[in-house]
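The values are calculated or read from the model by the stated rules, or taken from the named source; none is laboratory data. Just so you know, these numbers come straight off a predicted model, no measurement behind them. Cβ sites come from the backbone with ideal geometry, for glycine too, and all protein chains shown count toward neighbours. Heads up: the accessible areas ignore ligands, DNA and RNA and are worked out on the full protein's heavy atoms, side chains in. Shrake-Rupley method; radii C 1.70, N 1.55, O 1.52, S 1.80 Å.
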Amino acid sequence: MPSGRLASWFASMVQKLKIYIETSVVRAYHDTRFLQRLRETRRFWSKLPRYHVIISDVVVDHLIQEYESYTGPARAALELLKDFETVVFDAEASRLAMAYIRKQVFREDPVRTAVHMAMASAQSAHYVLSWYYGARLDAITQDRIGFINFENGFSPIRVVLPSTLIGGPK
């Protein structure tokens, strides 16, 4: 029988799944350049009450930095996040991010990717939802994330597209 953090993760599977929403999902809610992704994001968003949703201060900072002022798209994007638990990049997440970076797990944008994966893992999320990473992280990379998490006392996570979590396009 698993103990400690892993036992807690298994027990949480009986409750609501905990999902970490990455910046690209929030951005896609208002992005009219990709209508299918916009529709799938909004369909996913309507199902969020089923989940325990977390976002990070990193996601909020990315959104604020992307827009020159706190108006228009930035305000709309940030408004979407107001009811979710916001977690901070702490020492535990930093230690795990450094482990990913040391082992060169990520080819593209390794620091930003490591930060998001570590934030989700440190908070015992079951899934990272991302249009960006969900399409780029192959099964072997995800297995490496899981192995490093295990080595460092964290539970496994899966990185998926929002449509994968709730079922394909409708």
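Using 0.36 nm times the number of residues separating Glu151 and Gln15, minus their current alpha carbon distance, what extension gain do you get?
Extra length from Glu151 to Gln15 when fully extended: 46.4 nm.
Carbon and sulfur: what percent of the chain's accessible surface (1.4 Å probe)?
Answer for the chain is 55 percent, counting heavy atoms of protein chains only.
Report the full-extension gain for the segment Arg102 to Glu85: residue separation times 0.36 nm, less the Cα-Cα distance, to one decimal in nm.
Taking 0.36 nm per residue and subtracting the Cα distance, the gain is 3.2 nm.
Scanning the chain for chymotrypsin sites (Phe, Trp or Tyr not before Pro) in DSSP loops with at most 12 other Cβ atoms within 10 Å, what's the longest stretch left with none?
Result, exposed sites excluded: 71-170.
Based on DSSP H runs of at least 4 residues, each adding -39500 (n - 2.57), what is the mean residue ellipticity at 222 nm of the chain after dividing by all its residues, to the nearest 500 deg cm²/dmol?
The per-residue figure over the chain is -16000 deg cm²/dmol.
What list of whole percents do you get for P(r) of the chain, with Cα-Cα distances grouped in 5 Å bins up to the one holding the largest distance?
It works out to 1, 9, 18, 22, 21, 16, 9, 4, 1, 0, 0, in whole percents.
Suppose all protein chains stay in the model; what accessible area per residue would a 1.4 Å probe give for the chain, in Å²?
52
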